[in-house]
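Q: What follows is a single structure, and I will ask about it in a moment.
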Amino acid sequence: MIIALAGRRVDAVDASPPRFPLENVANVNRGVQVFLQQHSATAVVCSAACGADLTGLAEAGKLGLRRRVVLPSARDKFRETSVIDRPGDWGSMYDSILDAVEAQGDLVVMANPDADDPYSATNRAILEEAVALGKASSEAVGALLVWDGVSRGADDYTDQFGAEARKRGLGVFEVLTT
C-alpha cells in the first residue's frame, strides 16, 4: 500500500492545548512503524516538517520503504520555517532524510504552490503523488493522519488533508500524537 501522510508538527514550547508534545515522539514513532508494517506499506509520500512528517519518513526509511517528499518551498527555506523552529533535533534528521530522498529522485519542490494557501496546495500534491505511485505500481493508496484527532477548525491542514483524502475515495487512518 502507498501511504500519503500528514499530521501535526511537534508542539512549540508551552503550546496550549498540546497537540504533539515532544515527549510523545518515541510513542508516535512506534505507532507509525506498526501501522506501516500492518498495512504492508511500500512507500510513504508526505512533506518533511518536524513532527509527523519526519517521524513518518524516518520510520519508512528504517523499513526500507520508498520515501517521496513534497515541499511547498525551497529546501533551505522550508527547513527554516517548518523544521528547526520547534524543540528537538529535527534539523539533522531533515538534512539526512532529504539528502537520501533527493539522491533517489524522490524530492518534489513545488514550483508555484498557491501563494495564498501553499499548505493546502501541498496536501493536494501529496495525495496526487501517492495516487500516481499507486497507479504505477497497481497498489492501493491510503492516507495516514498523525495527529491528536481533534480539528482546530477551518485552518487545520491535517483535518483538510483527511477530508481531501476521503473525497478522493481513499481510506483514512490515524496514529494519535497525544
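The values are calculated or read from the model by the stated rules, or taken from the named source; none is laboratory data. A quick note: this is a predicted structure, and the numbers were derived from the prediction, not measured. Note that each Cβ is placed from the backbone with ideal geometry, even for glycine, and that neighbours are counted across all protein chains shown. Heavy atoms of the whole protein, side chains included, go into the accessibility calculation; ligands, DNA and RNA do not. Shrake-Rupley method; radii C 1.70, N 1.55, O 1.52, S 1.80 Å.
Q: Assuming a ≥ b ≥ c are the square roots of the Cα gyration tensor eigenvalues, decide whether the chain counts as rounded (a/c under 1.5), prolate (otherwise, with a/b larger than b/c) or oblate.
A: rounded
Q: Let me ask another. Just to confirm, what accessible area per residue do you get for the chain at 1.4 Å probe, in whole Å²?
A: 46
Q: Choose one of Gln33, Tyr94, Thr81: the residue whose Cα lies farthest towards the positive end of the charge dipole of region 1-103 (beta-carbon charges +1 Lys, Arg; -1 Asp, Glu; about the Cα centre).
A: Final value for the positive-end residue is Gln33.
Q: Sequence-distant or interchain residues sharing an amide H contact under 5 Å with Val141, placed H: which?
A: For Val141, whose amide H was placed from the backbone, the distant partners under 5 Å are Ile2.
Q: Among Ala154, Ala41, Ala26, whose mean-square fluctuation peaks in a Gaussian network model of the chain (Cα, cutoff 10 Å)?
A: Highest fluctuation among the options: Ala154.
Q: Can you tell me which of 96-104, 56-64 comes out highest on packing, and rank the rest after it, using the mean Cβ neighbours within 10 Å?
A: My ranking of the peptides, most packed first, is 56-64, 96-104.
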